[in-house]
Amino acid sequence: MLDEYDYYLPQELIAQTPLKNRSDSKLLVMDKVTGELREDVFKNIIDYLNPEDILVLNDTKVIPARLIGEKIDTYAVIELLLLRNTQGDIWECLAKPAKRLHEGTIISFGDGSLKAEVIEKKDEGIVHVKLLYEGILMEILEHLGTMPLPPYIHETLSDQSRYQTVYAKNIGSAAAPTAGLHFTNELLEKIKEKGITLVYVTLHVGLGTFRPVEVSDITKHHMHSEYYILTKEAADILNNAKGKIYAVGTTSTRVLETVRKNNEKFVPCSGNTDIFIYPGFKFKAIDGLITNFHLPKSTLLMLVSALSSKEKILNAYDYAIKHNFRFFSFGDAMFIK
């Protein structure tokens with residue numbers, strides 16, 4: 001039941017800004033079987049990894065997907081969050097307030113160099129729009145859009161790159177894969193020097209990752225689908241793994257478990273996944289997970305609970321709260337191994 005995944009978090013523990021140095025975050029290491037906890041610093045993650053282990057990272061790149069504009073007829077202010085490019089210049093968006101929109105509505109942004117025409121209105125604030133512009137869309141978004149920070153972050157992000165992993169490459173996310181924010185290029189080099197292989201997958205984070213669960217019976221929750229890619233190179237390395245496979249983040253986990261769900265081994269593929277991982281799920285792909293601390297009642301909290309147990313995870317969260325760990329996107333990290 002949904003209420004079983006609730007916990008109390010003091011507001012002051014919600015990280016509002018990133019630390020000056022990415023890898024200075026605190027790290028809570030948890031044995032997934034015993035629940036034993038150990039406190040450390042993220043830069044020491046290398047001490048918990050062995051030669052021949054594999055770290056799987058999500059190389060998606062966040063687009064400046066939050067746009068504030070106005071309807072060209074009434075000048076009503078409309079916020080659009082670009083979630084997914086479905087085809088051509090058609091985008092699935094989260095609109096606020098969606099009730100002001102209807103098919104044919106045109107929203108203008110900034111100097112009018114970008115407009116959005118609503119072509120379909122769906123449930124839960126979702127609309128499909130056609131973007132109207134001249135030139136290169138990503139350059140226009142860099143000028144008019146802002147990083148789509150979660151609503152619990154109230155501070156302005158002075159350096160937009162801090163909501164981006166240092167290895168971000170494939171443009172298309174509406175949110176950052178935040179477990180990866182702790183890595184620096186220097187730390188990644190040290191990890192490789194120890195004989196640990198880095199493997200990159202792509203999952204463009206969309207509504208499926210951060211849409212709240214609104215049904216008391218969690219098995220009735222429907223995940224929105226998100227686009228993923230597993231290359232042949234990545235599949236080959238994973239199939240020949242001699243050490244353990246550790247996912248960096250719940251998004252990397254969802255890619256790997258999606259692929260292995262219907263296959264005896266990793267196969268190169270791409271497509272949309274709506275996999276929902278909660279306790280009772282049988283993991284086939286990963287041995288452990290590097291992740292942040294997640295919101296109460298969220299699908300992400302359910303995923304990490306599935307890797308260990310709900311009781312052990314909530315006990316770890318209780319420890320983190322009592323020891324002033326920082327929570328959520330810009331917060332500290334856990335290594336469940």
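Values in this text are rule-based calculations from the coordinates and carry no lab data. Note that this is a predicted model, so its numbers are computed, not measured. Here the Cβ positions follow ideal geometry from the backbone for every residue, glycine too, while neighbour counts run over all protein chains shown.
With N set to the number of residues, divide the alpha-carbon radius of gyration of the chain by 2.2 N^0.38 Å and report two decimals. Numbers along the way, then the final one.
Numbers: Rg = 20.1 Å, N = 337, 2.2 N^0.38 = 20.1 Å.
That works out to 1.00 for the chain.
Taking the stretch 124-220 as the region of interest, what is the percent of Cα-Cα pairs per 10 angstrom bin, listed from the shortest bin to the one with the maximum distance?
Calculated P(r), rounded to whole percents: 10, 34, 33, 18, 5.
For S113, S23, what ranking results if the residue with the fewest other Cβ atoms within 10 Å of its Cβ goes first?
Working: S113 15, S23 19.
Ascending Cβ contact count within 10 Å gives the list S113, S23.
Taking the chain as a Gaussian network, Cα atoms linked when under 10 Å apart, which of I78, I245, I286 shows the biggest mean-square fluctuation?
I78
Fewest first, what order do F325, F293 take by the number of other Cβ atoms within 10 Å? Mind showing how you got there, number by number?
On the way: F325 23, F293 27.
Listed from fewest to most nearby Cβ atoms, that is F325, F293.
Skipping prolines and chain starts, which residues have an amide H placed within reach, meaning under 5 Å, of the one on V41, given they are 5 or more residues away or on another chain?
Sorted by chain and number, the residues that satisfy this are L27.
Take I107, I54, I136 and order them by how many other Cβ atoms sit within 10 Å, fewest up front.
Lowest count first: I136, I54, I107.
Read phi for every residue in the stretch 222-237 and hand back ³J(HN,Hα) as whole Hz from Karplus 6.51 cos²θ - 1.76 cosθ + 1.60, θ = phi - 60°, with x for Gly and Pro.
3J(HN,Hα) across the stretch 222-237, in whole Hz: 10, 7, 6, 7, 9, 7, 9, 9, 10, 7, 4, 4, 5, 4, 4, 4.
With the Cα gyration tensor of the stretch 67-144 in hand, convert its eigenvalues to equivalent ellipsoid semi-axes via √(5λ) and list them largest first in whole Å.
Three semi-axes, in Å: 18, 15, 10.
Could you give the dipole magnitude of the chain about its Cα centre, charging the beta-carbon of Lys and Arg +1 and that of Asp and Glu -1, in debye to the nearest 20? Could the numbers behind the result be given before it?
On the way: 39 positive and 44 negative charges, 111 e Å.
The calculated dipole for the chain is roughly 540 debye.
Just need the relative contact order of the chain here, percent rounded to a whole number, with Cα pairs under 8 Å and 6+ apart. Numbers along the way, then the final one.
On the way: 732 pairs, mean separation 85.0, N = 337.
25 percent.
Hey, can you grab everything whose amide H is under 5 Å from the amide H of F327? Only 5+ residues off in sequence or another chain; H modelled, so Pro and N-termini drop out.
I14, A15, D332
Out of residues 5 or more away from I196 or on other chains, whose amide H comes under 5 Å of its own, with H placed 1.01 Å from N in the peptide plane?
E52
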